[in-house]
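Worksheet: the structure to be examined is printed underneath.
What follows is calculated from the coordinates using simple rules that are stated; it is not laboratory data. None of the values given here were measured: they were computed from a predicted structure. Methodologically, a virtual Cβ is constructed for each residue, glycine included, from the backbone with ideal geometry; neighbour enumeration extends over all protein chains shown.
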Amino acid sequence: MKLINVIKPTHVCNLSCSYCYNDDERRPFMDIDTLEKVIEQTFSLARFIGKYKSVEFIWHGGEPLLAPLSFYERAIAFQEEYADKIPYSNIVQTNGTIIKK
């Protein structure tokens, strides 16, 4: 069984969809301390429950690709630090408008 954690690193988006309800701008991006805590607690939960064979992180938003590359570099570093041999993967749910070749 896989433990899936959907993480919203930002509510900021580069589109202005008429149906969108998200206008909260208090803290537009997740801070690094929160990022570390979320990743550490995800792996801690997987170990505690014991039935999970892997962990999947889904990066959601807003538009998650608006977070700087350094944010995801830190995320991977934290995953490597806290995984303790638990396999993990990362998926980005994006609107795709800022992806470049």
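Which value in nm describes the separation of the simple spin-label points at Val38 and Lys53, placed 7 Å from the Cα toward the beta carbon?
About 2.7 nm, to one decimal.
Taking the chain as the reference, fit the longest principal axis to its C-alpha atoms, fit the long axis of helix 69-82 to the helix C-alpha atoms, and give the angle between the two in degrees, 0 to 90, nearest 10.
20
Jot down the radius of gyration and Dmax of region 2-92, Cα atoms only, both in angstrom.
14.2, 44
Amide H to amide H under 5 Å from Ile4: which residues, 5+ apart in sequence or cross-chain, H placed 1.01 Å off N in plane?
Glu56
Between 0 and 90 degrees, rounded to the nearest ten: what's the tilt of helix 32-49 against the longest Cα principal axis of the chain?
Taking the Cα atoms of the chain, the angle to 32-49 is about 40 degrees.
Relative contact order for the chain: what is it in percent, counting Cα pairs under 8 Å that are at least 6 residues apart?
Relative contact order, the chain: 39 percent.
For the chain, what is the calculated [θ] at 222 nm in deg cm²/dmol (nearest 500), taking -39500 (n - 2.57) for each run of four or more DSSP H residues and dividing by its residue count? Mind showing how you got there, number by number?
Numbers: 2 runs with 32 residues, N = 101.
Value at 222 nm, helices only: -10500 deg cm²/dmol.
Pairing rule first: another cysteine's C-beta must sit under 4.7 Å. Under that rule, which cysteines of the chain stay single?
Cys13
For the chain, compute the number of Lys pairs whose alpha carbons are separated by less than 23 Å, excluding pairs fewer than 8 positions apart on the same chain.
Taking the chain as the scope, the lysine pair count is 11.
Chymotrypsin sites (Phe, Trp or Tyr not before Pro) within region 15-63: which are DSSP loop residues with at most 10 other Cβ atoms inside 10 Å?
Sparse-neighbourhood loop chymotrypsin sites (Phe, Trp or Tyr not before Pro): Tyr19, Tyr21.
Output the antiparallel fraction of DSSP beta bridges having both residues in the chain, as a percent to the nearest 5. Mind dumping the intermediate values first?
On the way: 1 of 12 bridges.
Restricted to the chain, the bridges split so that about 10 percent are antiparallel.
Where in region 38-76 are there trypsin sites (Lys or Arg not before Pro) that are in a DSSP coil and have at most 11 other Cβ atoms within 10 angstrom of their Cβ?
Passing both the DSSP loop test and the Cβ count: Lys51, Lys53.
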